[in-house]
Amino acid sequence: MSRRFLDLARPSRRHWLGYLLLLPAIALVALIIVYPLFVSLDLSFQKIGMATLNAPRKPFTLDNYRKLFSSPDFWNACWVTIKLVVVVSAACFAVGLGTALLVNNRFKGRTLARLFVALPWAVPEVIAVVIFAWIFDSSFGLMNWLFIKLGVTSQMINWFSEPTAAFWVVAITMIWKGYPFVSIMTLAGLQSIPEDFYNAAKVDGASALQRFWYITIPVLMPVLGVTLVLVMLWVFRDFSIIKVLTDGGPLKATQTLSIMTYDQAFGFFNMGYASAIGIVTLVLCVIASLLMLGRKSQAMY
Amino acid sequence: MKTIGKRIAASAVAAMLVGAALPTAASAEVLKFVSWQKDEKGVGDWWASVIKEWEAKHPGSTIEWTKVERSAYADTMTTLFAGGTPPDIVHLASFEFQAFANNGWLEDLGPWVEKAGLNLDGWSGQETCKFQDTTVCIMMLYYGTIFGYNEEILKQAGVAVPKTYAEFLAAAKATTKDLNGDGIVDQFGTGHETKGGGGQYIAEMASYLFDVGARFTNAEGEVTIDTPEMVEGLTRWKTIVKENLTPRDLSAGEVRKLFADGKIALKVDGPWIYSIMQQGAAKDKLKLASVPFDPPLGGSSNVLAMPSEISDEKKQLVWDFIAIATSDKFQTSFATLAASTPPSPRADLTEAKAQIPHFDLMVESQKAAAEHKIDRIPVGLEVQFNEFSKMIQEEAQRMIIEDLDPAAVAKTMQEKAAALQ
């Protein structure tokens, strides 16, 4: 009886095998993502400085959320995060799409060009940050030297001491690091578009711009939609670039929600408050992802 | 028969020896020790010597020494303690241990000190380790700053070695130059870290503040920022940074390297600057003198502590480690190996003075700073120090970026600091 019960080859129980094979992955995800998430959620409702796993639970409170929503620092961090997401995502898409279209054409040295387009993606984030920190160094950096030589400015720009300049340094570093991902994804999408579509459009007399607008973009939309969500989430949660370049400064000009979470948790040891920021960030990410994925499905052929 | 008897006797002795050895093997412990100073030349060697001594005194037991970078130290230690697996030997910076103590994670060392008869009278910076009337740590370094200068640059600019702030400012202005006329300043009068953490930022600006008598709090822990002295101190800091007498946006390590390579004329720093000077391209031109600020900046640096949650057996072993590190012998070797001023008043500095030409300067500076109870960590704001230092950094940066009146900035700092308490 029991042998027949465990017979996974039976058509009615074949899906059990699938669940069984998925079980280790689900257990792992539960352990490293779901459990910390619940711990974080629980901490966000406690007034707690440094958290200890085996410590008795503190009384339930909404103070962390009250403090968060009335804090100008939180709204500033939201604003900085949104600015970064919009600027970096848009620029990554413009550069990524442009370079993908370029290296999708046949020309001499295309392989090398593809390699250079993808190169920043292969460079570890911290190395990229160190390179850009040197390029934008306020006293001995390449960019100041170049600007002075070209007559763009007569005096040194303090890239990391001016709020606007610091924001753009962070954005440029992120764009450089992030556009190859868009490029690679788009290139894969471009190569899957049947040549017949373009040939038919050419017969109908469509211009290059019309072919791009009415064939390339709509067919690429599913790829672009997913890519956009992934890029946005990457910008949303990216920590190391900002931490190493500006540490959220000057004057919180580059303090995103992830930097604020880190500062509160490990800088000021306010774990409960930091958890509340983390939970709100998660909710914002989910909402943004749902909105973007919804748009993607509407835009498909 | 005789042989058999001998064999039995030998076997019995061997069994006894094995039996005697077994408890030792069973009680062999591995103590975990996490530190950011593991690979630091000098002080790292000193820690290694303490570990060696401890292992020699505890045969079979070992110390597992792991390096964690300073930039990731607070996160790592917090995670270790939060997860219930703290290192057995706790090494923390003097500006961060308060948060751990406040959470009840650090053992009260008072009874241990008393039991061992460790005399901490005159132990530099030890009062910083008093937290809510308990001794939660032992101070391992309280330093006084020293003053490095580039003799050649000063000579070329026609200025003498400064002895006061006014002379320092004049020398810094005279030596900040665009040497090749390309419009880019490539030699600076002095050097400070102006980005990075709040704690370091306060340490960088503190000399200018303390020199005019400004203090963040008084002995009772009341905030005393909104004073004419602080306004003058902030004005000095603003002058140094705003007039680009220091390179901007560099880390403390990068600034020290520039000084060692002859790109900076004057540098006030801790005792560690000497070893960095020795490795620089301009090492022959670099000299040391007394700091042109009175009192010199001093400060507690790092502490040793014990977790409250470990077993009593392990606590004893950790205390043995602390006892070795604080012994006269090892406080004496700290001076020679780390080339720094040991906190113990009983350390014999004769050899260090013979080996290190400027050692007297360091001792004098440490004494002067300690006498004036100088520390970048203000009384009454120890637990909130990270938040406090970040606030001071931001308000000072705002003063420079938005060209604000230092008097208004002092007022804002006063309000925000009081709100933190």
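The values are calculated or read from the model by the stated rules, or taken from the named source; none is laboratory data. Because the structure is predicted, anything quoted here is derived from the model rather than measured. Positions of Cβ are generated from backbone atoms using ideal geometry, with glycine treated the same way; all protein chains shown enter the neighbour counts. Areas reflect the complete protein model, heavy atoms only, side chains present, ligands, DNA and RNA absent. Shrake-Rupley method; radii C 1.70, N 1.55, O 1.52, S 1.80 Å.
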Completion exercise
Rounded to the nearest 10 Å², the 1.4 Å probe accessible area of A:PHE69 is 100 Å²
Fill in the blank from the handout: Rg (one decimal) and Dmax (whole number) from the Cα set of chain A, in Å, equal 24.5, 88
Practice task
Starting from the residue with the highest accessible area, list A:LYS149, B:LYS283, B:LYS373 in decreasing order, probe 1.4 Å.
Solution key: B:LYS373, A:LYS149, B:LYS283
Completion exercise
With all protein chains present and a 1.4 Å probe, the order of B:LYS315, B:LYS416, A:LYS47 from largest accessible area down is A:LYS47, B:LYS416, B:LYS315
Problem - Percent accessible area from carbon and sulfur atoms, chain B, protein chains only, probe 1.4 Å - result: 53 percent
Problem - Highest-fluctuation residue, B:ILE202, B:ILE184, B:ILE264 considered, GNM on chain B with Cα pairs under 10 Å - result: B:ILE184
Handout entry: Kyte-Doolittle mean at least 0.0 and Cα axial length at least 20 Å: DSSP H helices in chain A
Key = A:14-29, A:72-104, A:163-191, A:217-237, A:271-299
Handout entry: Angle in degrees between helix B:165-175 and the longest Cα principal axis of chain B, rounded to the nearest 10
Key = 80 degrees
Fill in the blank from the handout: In nm², the average projected area of the convex hull spanned by the Cα atoms of the range A:81-216 is 11.1 nm²
Exercise for the section: Provide a whole-number value for the mean count of partner chain Cβ atoms within 10 Å of the Cβ atoms in peptide A:245-252. Expected result: 5
Fill in the blank from the handout: Interface residues of the range B:376-410, defined as losing at least 20 Å² of accessible area versus the chain alone with a 1.4 Å probe, are B:ASN386, B:GLU387, B:LYS390, B:GLU394, B:GLN397, B:ARG398, B:ILE401
Handout entry: Listed residues A:PRO56, A:PRO180, A:PRO222, most fluctuating in chain A (Gaussian network, C-alpha, under 10 Å)
Key = A:PRO56
Practice task
Nearest 100 Å² is fine: how much accessible area is buried between B and A, summed over both sides, with a 1.4 Å probe?
Solution key: 2700 Å²
Exercise for the section: Give, ordered by residue number, each residue of the range B:185-200 whose 1.4 Å probe accessible area is reduced by a minimum of 50 Å² on adding the remaining protein chains to the chain alone. Expected result: B:LYS195
Fill in the blank from the handout: Taking B:211-221, A:158-168 and ranking on average Cβ neighbours within 10 Å, highest first, one gets A:158-168, B:211-221
Fill in the blank from the handout: In the range B:97-134, accessible area falls by at least 20 Å² from chain alone to full assembly (1.4 Å probe) for B:ALA99, B:ASN103, B:TRP105
Problem - Three-way shape label, the range A:82-138, alpha-carbon gyration tensor, a/c 1.5 - result: oblate
Exercise for the section: Could you state the accessible area per residue of the range B:352-393 in Å², with a 1.4 Å probe and every protein chain left in place? Expected result: 42 Å²
Practice task
Express the accessible area of chain A per residue in Å², computed with a 1.4 Å probe while the remaining protein chains stay in the model.
Solution key: 55 Å²
Handout entry: Peptide-level mean, for B:83-91, of C-beta atoms on other protein chains within 10 Å
Key = 1
Exercise for the section: With a bin width of 10 angstrom, please list the P(r) values of the protein assembly as shown as percents of all Cα-Cα pairs, from the 0 bin to the one holding the largest distance. Expected result: 3, 12, 19, 21, 18, 13, 8, 4, 2, 1, 0, 0
Practice task
Treating the angle as unsigned and between 0 and 90°, give the value, to the nearest 10°, between the Cα long axis of helix B:228-242 and the longest Cα principal axis of chain B.
Solution key: 80 degrees
Exercise for the section: Could you sort out which of A:LYS177/A:LYS202; B:LYS238/B:LYS373; B:LYS130/B:LYS195 sit more than 28 Å apart by Cα distance in this structure? Expected result: A:LYS177/A:LYS202; B:LYS130/B:LYS195
Problem - chain B, relative contact order [Cα under 8 Å, separation at least 6], % - result: 24 percent
Exercise for the section: Give me a single rounded figure for A:263-275: the average over its residues of other chain Cβ atoms within 10 Å of their Cβ. Expected result: 4
Completion exercise
Computed, not fitted: 222 nm per-residue ellipticity of chain A from DSSP H runs ≥ 4 (each -39500 (n - 2.57)), nearest 500, equal to -22000 deg cm²/dmol
Practice task
Could you work out how far the C-alpha centroid of the range B:152-185 sits from that of the range B:246-300, in angstrom?
Solution key: 15 Å
Completion exercise
Counting sequence-distant residues (5 or more places) and residues on other chains, those with an amide H built under 5 Å from that of A:SER161 are none
Practice task
Quick one: dipole size for the protein assembly as shown, taken about the Cα centre, charges +1 on Lys/Arg Cβ and -1 on Asp/Glu Cβ, in debye to the nearest 20.
Solution key: 3220 debye
Completion exercise
Excluding residues fewer than 8 positions from A:LYS58 in its own chain, the lysines with Cα under 16 Å of it are A:LYS47
Completion exercise
Under Stokes-Einstein, chain B at 37 °C and 0.692 mPa s, with its Kirkwood radius over C-alpha pairs, diffuses with a coefficient in µm²/s of 141 µm²/s
Fill in the blank from the handout: Within the protein assembly as shown, the cysteines whose Cβ lies no closer than 4.7 Å to any other cysteine Cβ are A:CYS78, A:CYS92, A:CYS285
Practice task
Only helical DSSP H runs with n ≥ 4 go in: add -39500 (n - 2.57) per run for chain B, normalise by residue count and round the 222 nm mean residue ellipticity to 500 deg cm²/dmol.
Solution key: -14500 deg cm²/dmol
